[in-house]
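What follows is a set of notes on a single structure, which appears directly below.
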Amino acid sequence: MSATRIVCFGNPWHGDDGFGQHVHRRLRERGVGAVDAGTAGLNALPHFEGCAKAVMVDALRTGGRVGAVHRLLACDLQPPDGEFSLHEFGVNRLLAALSAQPHQPPEIVLIGAEVGDISPFTDRLSEPVEAALPTAVDLVIIEIGARALAGARQTRLMSPM
């Protein structure tokens, strides 16, 4: 069982909703392995198998200031309510599906940036969300631990080109 897995969500062509994709790119540039889950919904469930901890990265709407970075645990999120719809499939529904799996779900930590209006057909983040990227990347790295990062850098340096 791997210790920690990073799973980044978001639609890269919907402005701030692509926050997780931008964090994914920055993590990879730093030699940190992460899964690009895009808009996978329930198809992301296999990414959570075989790990003790999963760090999810996504855009959030909690009513806070746009660009504010949050670290939340699964228990901080409200359970899904209402009728099930794939058009409204969010992190809370994925967490509910994880808890219904036959195996023990991993510890979940969600790192996200508060977003405002979503701008379709652009891969650019708003200025406040773009400014949140370094903080979010640092929080993800803290979650996986310095030892894991050192191992990732060492692997990257030793891999053939």
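The values are calculated or read from the model by the stated rules, or taken from the named source; none is laboratory data. Keep in mind that what you see is a predicted model, and the values were worked out from it rather than measured. Here the Cβ positions follow ideal geometry from the backbone for every residue, glycine too, while neighbour counts run over all protein chains shown.
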request  = Spot the failing condition for Ala146; the list is (1) more than 25 Å from Thr4 (Cβ to Cβ); (2) modelled with pLDDT under 95; (3) more than 18 Å from the chain's Cα centre (by Cα), and only one is missed.
outcome  = (1)
query = Pick from the range 28-55 the residues that are closer than 20 Å to Ile118 by Cα and aliphatic (A, V, I, L, M): which of them is surrounded by the fewest Cβ atoms within 10 Å (Cβ to Cβ)?
reply = Ala40
key: Check on Ala132, of a type outside the set (Asp, Glu), modelled with pLDDT of 95 or more, part of a helix (DSSP H, G or I) and buried (at least 18 other Cβ atoms within 10 Å of the Cβ)   = yes
inquiry  = Within the range 78-104, take every residue that is under 14 Å from Phe48 (Cβ atoms) and not in a loop (DSSP other than H, G, I, E, B) and give me the one that is modelled with the lowest pLDDT.
reply    = Val91
ask   = Hey, among the residues in the range 63-77 that are at pLDDT below 95 and not charged (D, E, K, R), which one's surrounded by the most Cβ atoms within 10 Å (Cβ to Cβ)?
value = Ala74
query = Tell me, which strands (runs of 3 or more DSSP E) lie completely within the range 1-66 with 1 or more residues that are touching a residue at least 60 places away in the same chain (Cβ under 8 Å)?
reply = 2-9, 51-60
